[in-house]
Structure formats: C-alpha cells, structure tokens
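Working notes, beginning with the structure itself.
The values are calculated or read from the model by the stated rules, or taken from the named source; none is laboratory data. Because the structure is predicted, anything quoted here is derived from the model rather than measured. Every residue, glycine among them, receives a Cβ derived from its backbone with ideal geometry; neighbour counts consider all protein chains shown. These accessible areas exclude ligands, DNA and RNA; they are computed on the full protein's heavy atoms, side chains included. Shrake-Rupley method; radii C 1.70, N 1.55, O 1.52, S 1.80 Å.
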Amino acid sequence: MVSHQGGTMEKDLENNCTPQMERKTLTAPAPFADETSCLCQAPHEKLTIAQARLGTPVDRPVRVYADGIFDLFHSGHARALMQAKTLFPNSYLLVGVCSDDLTHKFKGFTVMNEAERYEALRHCRYVDEVIRDAPWTLTPEFLEKHKIDFVAHDDIPYSSAGSDDIYKHIKEAGMFVPTQRTEGISTSDIITRIVRDYDVYARRNLQRGYTAKELNVSFINEKKYRFQNQVDKMKEKVKNVEERSKEFVNRVEEKSHDLIQKWEEKSREFIGNFLELFGPDGAWKQMFQERSNRMLHALSPKQSPVSSPTRSRSPSRSPSPTFLWLPHKPSPPFSPKAASASMSSMSEGDEDEK
C-alpha cells in the first residue's frame with residue numbers, strides 16, 4: 001500500500017515513522033501534533049532547497065514549517081500557507097500557532113483567543129498538521145523534534161524579542177524559504193477598519209441585542225447610539241413611504257393615460273356615429289325626407305286629367321263638391337291646414353260656378 005509520502009507502509013514502519021495515510025484534510029480538520037503522535041522518528045537527513053525542488057527524498061515528503069499568530073484569519077494568511085504548501089513537489093506543511101501568553105507578551109492583545117486561532121488553522125485546506133503553543137523563536141531542539149526541513153515566511157526582517165530578525169539563524173542555516181505577502185489585507189488593517197467605524201459597529205450590535213456592558217459602551221454613548229438607531233429607523237420608514245408613494249403615483253399616471261386614451265377612442269366613435277346619423281347626409285335626414293314626402297303625397301288631392309269631357313250642369317242648381325276617394329289607402333290624420341285648404345278650394349269652385 002502506497003503512503004502519502006510516496007514510500008511504502010512497510011518502509012515507514014521500519015523507520016519508526018508514523019505512517020502518513022492518504023491526506024484527509026480536505027474532508028476533515030488537520031490534526032494537532034501533540035494529540036496524534038505525528039512526530040517523525042525516521043533518520044532526518046539535511047536537504048538543500050535544490051534537492052527538495054527535485055522531489056527528493058523519495059521515501060518521505062519535505063517537511064515545511066510556517067508559524068504565526070493568525071489572528072482574524074483572512075485571505076492573506078491562507079495565501080501564505082498555500083505558497084508554503086506548494087514550494088516543493090511533495091511537501092507536508094506544519095503550522096505553528098503561538099499561545100495567548102506569548103502573543104500578548106511580544107506583540108499585543110488579540111481579537112481571537114488561542115483556541116479560536118488553532119481551530120481556524122485546522123480548517124485551512126493547505127495545512128497538514130497544527131502545532132499548538134509554538135515557540136516565538138525557533139530553537140534547534142524544536143526543529144529536530146518535528147523533523148523540520150525548511151521554514152517558510154515572508155522575507156521582511158521580523159524584529160521582536162530583542163532581535164532584529166528572529167529568522168536570521170534560520171536563513172544562515174539555509175533552511176529559510178521566502179513567501180510573498182498579500183498587499184492590502186492584514187490583521188492590523190482589519191482592526192483599523194473596526195476602530196475607524198467603531199460607532200457604526202457599536203450601534204449595530206446594540207440593535208442586535210448586545211448590552212452596553214458587553215460592548216464596553218458608556219451610559220451616555222449607549223443613549224446616543226440608541227437615539228441614532230431610532231432616527232435611522234424613522235428615515236428608513238420615510239424612505240419606504242416615499243418609494244411606495246412614488247410607485248402609487250406612477251401606477252395612477254399609467255392608469256389615467258390608459259383611461260384618457262380609451263375615452264378619446266370612445267369619443268371619436270360616438271362623434272362618428274352621431275354624424276352618420278344626424279349629419280348633412282345622415283340617415284335621420286333621409287328618413288325624415290321620405291316620411292315628409294309620404295305625408296305630402298297623402299294629403300295632396302289627385303288632379304283630374306286635362307282631356308276629360310265637360311260635365312253638363314243644370315243652371316238652376318249649384319254643383320256639388322267633388323271628393324276624391326283613394327282606394328286601399330287609409331285616411332290621413334286630421335290637420336287644420338289641410339281642412340282650411342280644402343275649404344278654400346271648395347269656395348273657389350263655388351265662385352267659378354257662379
């Protein structure tokens with residue numbers, strides 16, 4: 001069975017080295033060194049960087065060590081560990097994390113405590129093993145204990161604990177491999193943002209239920225922040241009302257536009273129908289003329305033919321008025337004008353007879 005280092009299980013056991021099984025840190029947290037007995041007991045031969053880059057030795061991976069505080073674990077930390085993991089074709093990355101006591105003594109107060117920082121490192125996919133309570137300065141005994149081949153860190157001199165560069169002896173021993181810092185992101189930058197926007201975060205956490213004591217906020221500042229939160233709520237309500245009012249006005253405008261357009265269409269249709277019925281050539285005028293003509297035709301008497309023979313009249317008697325009866329037609333309704341016209345014609349007839 002082939003182990004993770006490229007050697008065989010039997011060879012690992014012969015060298016008294018805990019066998020490195022297939023890497024499981026992609027599906028589980030990386031182990032702690034002091035809990036899993038991952039310390040390699042095989043003879044540790046010194047390697048050069050050139051040899052490590054060629055992939056030697058073939059029976060084990062190159063053991064690379066990176067250390068730090070790793071407070072507020074961010075992408076800059078992850079990129080540095082990725083570089084350390086990929087320095088050589090076959091490598092095993094050990095990450096040392098300093099305790100709270102050492103960090104507060106030599107660097108300052110941290111946001112995350114040591115347990116939180118350990119757990120953050122265990123869940124980084126580039127990490128194979130986490131060493132808790134790592135030393136501030138690397139000693140030969142520590143390097144030998146963990147069989148460390150190379151130490152990875154950025155090349156900027158790290159002055160601390162009375163030394164201009166705590167990695168100076170590692171560089172002189174040819175065991176230092178530099179990595180590149182990620183510009184624009186660091187723990188100090190993140191803390192600076194929080195301090196700069198302290199009021200915003202304090203107000204937010206008060207609104208989320210944190211107490212003033214938990215936030216270390218004074219009584220006056222607490223009242224001020226709560227008042228500001230109330231003002232912001234009112235502004236948000238006013239903004240929502242304005243947006244809803246604007247939406248309502250837009251909907252009313254759209255509906256009124258549609259209503260006016262429909263009204264115009266109906267108006268044109270109504271005017272067209274009215275002109276078609278009552279216009280100069282409309283159907284109403286034609287119907288009225290036809291009805292008038294029928295009435296006039298019904299009221300006017302039918303004239304006798306010119307060539308009809310003269311009727312002999314008795315000189316002693318006055319002629320009787322002649323009434324024309326039209327067959328198959330109903331009598332016209334009584335009209336005073338028609339009656340007067342009829343009387344006039346009768347009187348004229350009488351005068352002619354005389």
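Per residue, the solvent-accessible area of the stretch 73-194 (1.4 Å probe, heavy atoms of protein chains only, all protein chains present) comes to 50 Å².
In the stretch 110-216, if the dipole is taken from +1 on Lys/Arg beta carbons and -1 on Asp/Glu beta carbons about the Cα centre, which of 139, 121, 210 is farthest to the positive end? Of the options given, the answer is 210.
In this simple spin-label approximation, residue 261 and residue 90 carry label points 7 Å from Cα along the Cα→Cβ vector, and these lie 7.6 nm apart. Centre-to-centre separation between the Cα atoms of the stretch 107-141 and those of the stretch 157-193: 15 Å. The simple spin-label model puts a point 7 Å past each Cα toward its Cβ; for residue 287 and residue 104 those points are separated by 10.6 nm.
Taking the Cα centre of the stretch 188-238 as reference, the dipole from Cβ charges on Lys and Arg (+1) and Asp and Glu (-1) amounts to some 220 debye.
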